[in-house]
Amino acid sequence: EMRRANLLLLRGWAYFFWRSADRPDRVPFDQRVAWGEEALALAERVDDAELTSRAISLLSSLHWDSGQHRRAHEFGLRQLEIADRIPSREVRSQMLSEASGDLLAAGETERALEVARAGYQLAQDTADHQLMHTSAPYLRATRWAGLWAEARDVLDAHLQAFAHESDVSCGEVQAGPALGALILADLGEAEHARDAAELVARTSNLYTMG
């Protein structure tokens with residue numbers, strides 16, 4: 001069952017290969033979703049948390065890409081149910097950080113902040129890229145909650161890491177300067193806000209959701 005689940009996940013993720021190649025996908029989109037759903041059912045049947053997480057991630061991504069954002073958020077929140085069972089600290093940190101965005105979308109600001117904070121703490125002493133995958137969601141949560149001092153500390157950490165990977169095409173990496181410009185403007189630090197905005201202008205061509 002695990003072998004079949006992994007194969008189904010590969011088939012599901014292939015949708016994004018064709019999309020990134022700007023070529024038509026000959027497999028109907030609903031079939032990609034059906035494969036993801038079958039993979040999730042198999043993963044849950046064998047009680048494999050990592051496989052379950054991967055299936056949830058696929059289904060969330062497929063629904064998001066098709067404009068079914070509410071459904072995507074619903075799947076994203078399911079990661080919280082299994083995060084504690086994932087052995088990898090890096091994977092757990094990313095799961096929590098991504099789920100914080102789903103909580104914000106659901107209007108659960110306090111819980112989103114708590115989960116984002118936990119994800120960020122787990123990512124301490126990891127690679128710069130991993131840290132930024134948690135600091136960007138944390139920045140969104142702190143700004144939404146109006147916790148400016150906390151947001152400022154996280155922003156400093158993100159921008160320090162960003163200096164080492166400013167040429168990386170990744171949405172969470174590149175989100176830092178944009179969020180920073182907003183936060184710094186909110187704090188009345190106009191000059192620093194302009195500096196962050198200049199970073200956005202220089203790297204805007206790298207901003208993707210990948």
Item to check | Out of L40, L122, L139, L59, sole residue that is of a type outside the set (S, T, N, Q), closer than 21 Å to C170 by Cα and in contact with a Ser or Thr (Cβ under 9 Å, 6 or more places away or on another chain) | outcome: L122
Checklist entry - Within segment 80-93, can one find any residue that is part of a helix (DSSP H, G or I), in contact (Cβ under 8 Å) with a residue 40 or more places away in the chain and touching a Lys or Arg at 6+ places or on another chain (Cβ under 7 Å)? => result no
Checklist entry - Can you name the number of the only condition in (1) more than 17 Å from E172 (Cα to Cα); (2) at pLDDT 95 or above that H73 fails? => result (2)
Item to check | Sole exception among (1) in contact with a His (Cβ under 8 Å, 6 or more places away or on another chain); (2) within 25 Å of S20 (Cβ to Cβ); (3) modelled with pLDDT of 90 or more for E165, by number | outcome: (3)
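Scan segment 134-147 and tell me whether some residue there is hydrophobic (A, V, I, L, M, F, W, C), under 25 Å from L51 (Cα atoms) and over 15 Å from the mean Cα position of the chain (by Cα).
Of the residues in segment 134-147, the ones hydrophobic (A, V, I, L, M, F, W, C) are 136, 139, 141, 144-145, 147.
Pick out the ones that are also under 25 Å from L51 (Cα atoms) and you get none.
No: zero hits.
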Item to check | Breaking point among (1) surrounded by 14 or more Cβ atoms within 10 Å (Cβ to Cβ); (2) touching a residue at least 40 places away in the same chain (Cβ under 8 Å); (3) out of contact with any Lys or Arg (no Cβ under 6 Å at 6 or more places or on another chain), for G12 | outcome: (3)
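Counting only residues that are open to solvent by 40 Å² or more (accessible area, probe 1.4 Å) and either of a type outside the set (D, E, K, R) or touching a Ser or Thr at 6+ places or on another chain (Cβ under 6 Å) (or both), how many does segment 91-117 have? I'd like the intermediate steps shown before the answer.
Filtering segment 91-117 down to residues open to solvent by 40 Å² or more (accessible area, probe 1.4 Å) leaves 91-92, 94, 98, 105-108, 110-111, 114, 117.
Restricting the remaining residues to those that are either of a type outside the set (D, E, K, R) or touching a Ser or Thr at 6+ places or on another chain (Cβ under 6 Å) (or both) gives 91, 94, 105-107.
Looking only at that region, the number is 5.
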Checklist entry - Among the candidates R140, R202, R152, which residue alone is over 26 Å from A112 (Cα atoms) and either of a type outside the set (S, T, N, Q) or surrounded by fewer than 22 Cβ atoms within 10 Å (Cβ to Cβ) (or both)? => result R202
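Please work out if L58 is over 14 Å from I82 (Cα atoms) and either open to solvent by less than 10 Å² (accessible area, probe 1.4 Å) or of a type in the set (A, V, I, L, M) (or both).
Working: over 14 Å from I82 (Cα atoms): yes; either open to solvent by less than 10 Å² (accessible area, probe 1.4 Å) or of a type in the set (A, V, I, L, M) (or both): yes.
Yes.
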Checklist entry - Name the residues in segment 104-121 that are at pLDDT 95 or above and of a type in the set (A, V, I, L, M, F, W, C), would you? => result A112, L113, V115, A116, A118
Item to check | Residue in segment 155-171 that is farthest from T203 (Cα to Cα), counting only those that are outside any loop (DSSP other than H, G, I, E, B) and open to solvent by 40 Å² or more (accessible area, probe 1.4 Å) | outcome: D156
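The values are calculated or read from the model by the stated rules, or taken from the named source; none is laboratory data. Everything numeric in this text was worked out from a predicted model, so none of it was measured. Methodologically, a virtual Cβ is constructed for each residue, glycine included, from the backbone with ideal geometry; neighbour enumeration extends over all protein chains shown. For accessibility, only protein heavy atoms count, side chains too; no ligands or nucleic acids. Shrake-Rupley method; radii C 1.70, N 1.55, O 1.52, S 1.80 Å.
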